[in-house]
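Worksheet for the structure shown next.
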Amino acid sequence: MSVRHAWAVSEGGVTTSWFDVRLAFADGARVDALAVLSGRSVRVEDVRAQPALSLDDLAVLADWLENPLFEACVPAP
């Protein structure tokens, strides 16, 4: 999994940052996502997958992304 800082916007003392996230699998499949960090919360705004995700895969996407995404996006307290 790779996470790359894409851009940030600061307004009123609050910074919102966007991150490009890619999960690559050994069989050539991949999932690309756009995650946003605002305050101490991280949300996924967009997901693209090749091949397309099944509903079951989409349901577990948060589990796949949760820990690596928080490690890359949320600053240590």
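Along the Cα-to-C-beta direction of D63, a point sits 7 Å from the Cα; which residues of segment 1-43 have their amide N less than 15 Å from that point?
Once the point is set 7 Å along Cα→Cβ of D63, nothing inside segment 1-43 turns out to lie under 15 Å by backbone N.
Treating only the Cβ atoms of Lys and Arg (+1) and Asp and Glu (-1) as charged, compute the dipole magnitude of the chain about its Cα centre; round to the nearest 20 debye.
Details: 6 positive and 11 negative charges, 46 e Å.
Charge dipole of the chain: 220 debye, to the nearest 20.
Within the accessible area of the chain, what % is carbon and sulfur when the probe is 1.4 Å and the other protein chains stay in place? Walk me through the intermediate numbers first.
Details: 2760 of 5280 Å².
The value for the chain is 52 percent carbon and sulfur by accessible area.
Helix-only mean residue ellipticity at 222 nm, the chain, DSSP H runs n ≥ 4 weighted -39,500 (n - 2.57), per residue, nearest 500. What is it? Don't skip to the end; give the middle numbers.
Values: 1 runs with 19 residues, N = 77.
Using -39500 (n - 2.57) per qualifying helix, the result is -8500 deg cm²/dmol.
Helix 55-73: angle to the longest alpha-carbon principal axis of the chain, degrees 0 to 90, nearest 10?
Approximately 40 degrees, to the nearest ten.
Over the chain, average the accessible area per residue using a 1.4 Å probe and give it in Å², no decimals.
Working: 5280 Å² over 77 residues.
Dividing the accessible area of the chain by its residue count gives 69 Å².
Starting from one equal scatterer on each C-alpha and no solvent at all, send me the Debye-based log10 I(q)/I(0) for the chain at q = 0.18, 0.22, 0.23 Å⁻¹, two decimals.
Those come out to -0.72, -1.00, -1.07, one per q.
Applying a 10 Å radius around every beta-carbon, put 5-18, 29-42 in order of their mean neighbour count, most first. Kindly include the intermediate steps, with their values, before the conclusion.
On the way: 5-18: 10.7, 29-42: 15.2.
Averaged packing, sorted descending, gives the order 29-42, 5-18.
The values are calculated or read from the model by the stated rules, or taken from the named source; none is laboratory data. Note that the structure is a prediction, hence the values are computed from the model and not measured. Neighbour counts run over all protein chains shown; Cβ positions are idealised from the backbone, glycine included. Please note that ligands, DNA and RNA were not included when accessible areas were found on the heavy atoms of the full protein model with its side chains. Shrake-Rupley method; radii C 1.70, N 1.55, O 1.52, S 1.80 Å.
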